[in-house]
Amino acid sequence: MQNIVPHFILEKHGNIQGGGETHGQFDAAALFVDVSGFSTATHALSQHGSEAAEVMADIMGCIFDPLVDAVYAHGGFINGFAGDGFTALFPADGSQHLLRALAAGRAIQAHIAANPVHDTTYGRFPFAVKLGLAHGPVHWGILYPAEADEYAPAAYYFGGFAIDGAAEAEHLSQPGTLILAPEVLSALAELVQTLPAGDEGHARVLGLAPGHTLPAPAALPPVEALPGQERFVSPEILAHIGGGEFRQVVTVFINLMGVQAHADLAPFVQAVFRLRRELGGTLARVDFGDKGCTLLLFWGVPAGSESDVDRALDFALALGEHTPGSYKAGLTYATMYAGPAGSVRRGEWTCYGDGINLAARLMTAAPWGGLWLDECLARRVGGQFIAEEVGRRTFKGFDAPLLVYTLAERQRPEVVGFFRDQMVGHAADMDRLEAFIGPLLAPPGERRSAGILSVEGEAGLGKSRLVAEFLLRLTAPTESGEAHAQWALCQTDAAVRAPFNPWCYWLRSYFQQSPGASAARNKRAFGRVLDRLIAATEDTELQTELNRGRPFLGALLDLYWDASPYAEMPPEGRYELTLTALAALVRAESRRCPLVLNVEDAHWLDEDSLAVVTRLTRVAAHEPWAMLATARPVVGDRPLFGNLAYERLALGALSSAELAELAGEVLGGPVDVEVSTLLEARAEGNPFFAEQILRFLQEKGGLVADGDAWRLAEGVGAGAVCLPADVRLIFTSRLDALSREVRDVVQTAAVLGR
C-alpha cells in the first residue's frame, strides 16, 4: 500500500490522541521541486482513453520514485504534492539539514538530467525540473471534523516562511537549475559556487566549492505501510490506491481571504466538512503557499455520479452561507488522470491535467467573492444555475484566450417545463400515466389514492422528461383557474444518502427556506406556511397532528426550538413522530388539492424515506395523493419499493423514425439518411445519447447544412464518433456503483467487445 500521509502528521496524530497539540511550528529547510512535462503527457494520453491510464501510471512511477527516494535518503520528508511537483522538508539540526537538503536537490537535478525523456507506445515525453531551496519556520496543523462528522477524513496542512521562500526561489529557476534563497546562500556561501539570480539576493547553484562534499545518502529500508492513514483518507480512495484512470472531473480551487493561522482556518474547514457530508466531494489538499490559503476539491473521483456538476456548484455557492470570511474560486470540468502520484514510499492520491491548472488560474484572476467557471462547466449548468459571461481572458499555460463565466446563484425552477426541445414519442406512455392518475381526478368525495407508479428505464431514455411533460399538463390551470393537481419534487441523491433526504428536498421549497437567510427568518417562513395549512384544514384531529409535528418537520430543515418535544424526546420517539408528521402533511395538502409526489431516481431511496411511503399507504389510502417515481431497472431480487405494491412503466428505445424526428428538433431541420444511420448505430434508440452525439458533432464541425437537410462532413462516419463526455459520465457513474470486483470484470469484458 502507498503511504499517502506524511509520517510527521501520523506521529502528531498519535500524540494528539493522547492529548497532544493539534498545531505547532518548527524550523526546517524547504526544497520545492517542480517537474514540468506532466501536463503535456496527461493531455496527450487522455486522448487515447482508459488503455493509456496504465502508461500514465508508469510515467508517474518512473519519474517520482527516484526523486522521492532522494529526499528520504537525505533525511527529509515530503509534506505535500502540488501540481507537477512537491515540497520536501528537512527539520533543523544545526546546519546539517541545509546540506542534506542541498544534497537531495543535487541528486534530483542529476537524475532528471540523465533521464530527460520518457518513451511510451504513444510517443516520447520530455521532462525537466526546477528547484528552489529556502530555510525558516514551518507551521503545521491537523483539522478534525466535528463530532457529527467523526467518520469523515481529517485534514492537515503545512505552511510558513520556509515553504513560501522555496516556492519564490523556484519561480526564479530555469529548467535544470537549483536556486537558493538569500538565507540559505548566506549559510552555505563558503560551500557552494553560485551566480546571482534575480535582484533579491537569490543565487543559482553551479557546484560545490573545492574541497567540500555533501552528505551521502542513507540506505533506505523497505517500504512499509504506516498505521493511522485511514483517519486522513476516505475508504473509497484507499480502495482505489492500486491504479489510475482518466475520468471526467469537476475541480474546485478555493482561495481564502485573511486566513493566516490555525485559528482562522479551523472554522472555515468545519464548514467544508459539513458541506461535504451533504454534497460529497473529495478534499484533496489544504495549502498555505504563495497564493495564501487554498483548498483543492474534486467531484467525480474516486467514484462519480451524474449529479457531480450540480453538487460541486452547490458547494461553491453554499460555502459563503456557512462562514463569515470572503473567498474566491475557480471551477472547471475536464478529463483528467486520477490516481496515485509520487511513489510507494510517499505519494498522494490526486488528479493531473489541464482542469487543475485552469482552475488555479481562474481562482487567482477572480475578484474576491467571485466564482469563475470555464466554458465547459458553464455549458452544463442548465436551468438550475445562473452563469453570467465575464468575457475572454488570457491565462499562463494556455495558448488562446478562454471564455470565462461567473457563477451567480442557483435557481430552483417552480415549474417542471424546463426542457428545451419538443418531446418525441411516448404517446402511449402518456396515456398510461393519465390512466394511473385517474383516481385523484374523480369528483370530490370519490377521490382516493392512486398508489405508486415507477417509470423505469436506463439513463437517457427520457424518464424525467416524460414525467415532467405529464406533470406540466396535470398542474396547468384549468378554465376555472385552478389546477387539476399539485406536485412535490422529492429528489434523491446517489452520493448523499442522508435520512429523509428526498423529503427534505421538497420541504425546503414547500416551507420557502432560503439557504442564505438566518435561522430566525427561516423559522418565520416555516411558521407562516404551516399555519396557513392548519387554517385551511377542516379536520380538527388532523390540525392537531400538524401542530404537534411542527418541531419534527422543522428538524428536517435544521430548525430547532429550545425545550420543544423534539429536543426532549429519545431518538426512537423522534423517528416515529417524524413519520407521523410527514404523513399528516401529505394528507392535509392532498385534501386541499390532489398531490403528486414526484420521486426522482427512486433507486436511491433511503430506508427512512421508504418508511414514509409505507406509512402513507397505510394511513392515507383514501386521500387523493399518488407517487410518480423515476428509476433505473431493478438489479437483483429486492423490489424497488420493498413489499409495497406498485405499478411499473418500462420505457423503450426510440424507433428509427423517432430518432430522425428528434434530430430535426435538436438541429432545427431534417437530417439525411447517413446521419440517421449513424444515430441508430451509436445512440441505439437512447434520446439523450442521440442529442449529445448531435451536439458533439455540431461543436466539432462534423455536420454540414446541405440544402434542406443536415449531412455528415467529409470523413465522418459512425466509427469516427467517440462518445461525448456527458455520455461517458453515465457509464462511469454506473460502473462506480458496482463493487470493485464486479467493476474489474465489466471493464475487462469491455475490452473484449460490446
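The values are calculated or read from the model by the stated rules, or taken from the named source; none is laboratory data. It should be emphasised that the depicted structure is a prediction, and the values quoted were computed from it without experimental measurement. Methodologically, a virtual Cβ is constructed for each residue, glycine included, from the backbone with ideal geometry; neighbour enumeration extends over all protein chains shown. Heads up: the accessible areas ignore ligands, DNA and RNA and are worked out on the full protein's heavy atoms, side chains in. Shrake-Rupley method; radii C 1.70, N 1.55, O 1.52, S 1.80 Å.
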| note | Other residues with Cβ under 14 Å from the Cβ of T614 give, with Lys and Arg +1 and Asp and Glu -1, a net charge of -2
| Length-normalised contact order for the chain - Cα pairs under 8 Å, 6+ apart - percent | 11
| field | For peptides 499-512, 606-619, 456-469, 391-404, sequence by mean Cβ density within 10 Å, most packed first | value | 456-469, 499-512, 606-619, 391-404
| request: Within 10 Å, count the other beta carbons around each residue, average over each peptide in 134-142, 698-706, and list them highest first. | output: 134-142, 698-706
| task | Report, to the nearest 10°, how far helix 96-114 tilts away from the longest principal axis of the Cα atoms in the chain, using its own Cα long axis and a range of 0 to 90°. | result | 80
| field | Reduced Cα scattering model of the chain, Debye log10 I(q)/I(0), q = 0.06, 0.12 Å⁻¹ | value | -0.44, -1.42
| field | Under 5 Å, built H, 5+ apart or other chain: amide partners of S36 | value | A128, V129, K130
| field | region 570-705, relative contact order [Cα under 8 Å, separation at least 6], % | value | 19
| said: On C-alpha positions alone, give me the angle between the axis of helix 656-667 and the longest principal axis of the chain, in degrees, nearest 10. | reply: 60
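How about region 491-585: which GluC sites (Glu not before Pro) there lie in a loop by DSSP and see at most 11 other Cβ atoms within 10 Å?
Those that pass, being in a loop and sparsely packed, are E538.
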| query | Around P227, with a cut-off of 15 angstrom between Cβ atoms, what is the net charge of the other residues, counting Lys and Arg +1 and Asp and Glu -1? | reply | -1
| query | Residues with beta-carbon under 10 Å from that of A167, excluding A167: net charge, scoring Lys, Arg +1 and Asp, Glu -1? | reply | -4
| Can you give the angle from 0 to 90° between the axis of helix 262-279 and the longest principal axis of the chain, with both taken from C-alpha atoms, to the nearest 10? | 40
| task | Could you point to the residue in A154, A563, S676 farthest towards the positive end of the chain's charge dipole, with +1 and -1 charges on the Cβ of Lys/Arg and Asp/Glu respectively? | result | A563
| remark: Partner lysines whose C-alpha sits under 23 Å from that of K328, ignoring same-chain residues fewer than 8 away, are K291, K396
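If I take every Cα pair under 8 Å that is 6 or more residues apart in region 11-104, average their sequence separation and divide by the length, what percent do I get for the relative contact order? Show your work: numbers first, answer last.
Working: 98 pairs, mean separation 32.7, N = 94.
Taking the mean separation of contacting Cα pairs over the length of region 11-104, I get 35 percent.
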| Percent carbon-and-sulfur accessible area, the chain, ignoring ligands, DNA and RNA, probe 1.4 Å | 52
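Might you report the magnitude of the Cβ-based charge dipole of region 1-139 about its Cα centre, with Lys and Arg at +1 and Asp and Glu at -1, to the nearest 20 debye?
300
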| said: Tell me the per residue accessible area of region 101-228 using a 1.4 Å probe; a whole number in Å² is fine. | reply: 48
| task | Using a 1.4 angstrom probe, figure out how much accessible area region 473-618 has per residue, in square angstrom, rounded to the nearest whole. | result | 48
| said: What aspartates and glutamates does K12 reach when the alpha-carbon gap must be under 14 Å and sequence neighbours fewer than 8 apart in one chain are set aside? | reply: E21
| Under the Karplus curve 6.51 cos²θ - 1.76 cosθ + 1.60, θ = phi - 60°, whole-Hz ³J(HN,Hα) for region 171-182, x wherever Gly or Pro sits | 4, 8, 7, 10, x, x, 10, 10, 10, 9, 5, x
| request: Please work out the average accessible area per residue across region 286-334, using the 1.4 Å probe convention, and give it in Å². | output: 25
| What dipole magnitude, in Debye to the nearest 20, does region 661-708 give about its Cα centre under +1 on Lys/Arg Cβ and -1 on Asp/Glu Cβ? | 240
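Based on the mean of other Cβ atoms within 10 Å per residue, sort peptides 2-15, 257-270, 205-218, 305-318 so the most packed one is first. Walk me through the numbers before you get to the answer.
Working: 2-15: 18.2, 257-270: 16.4, 205-218: 12.7, 305-318: 21.8.
Ranked from most to least packed, the peptides come out as 305-318, 2-15, 257-270, 205-218.
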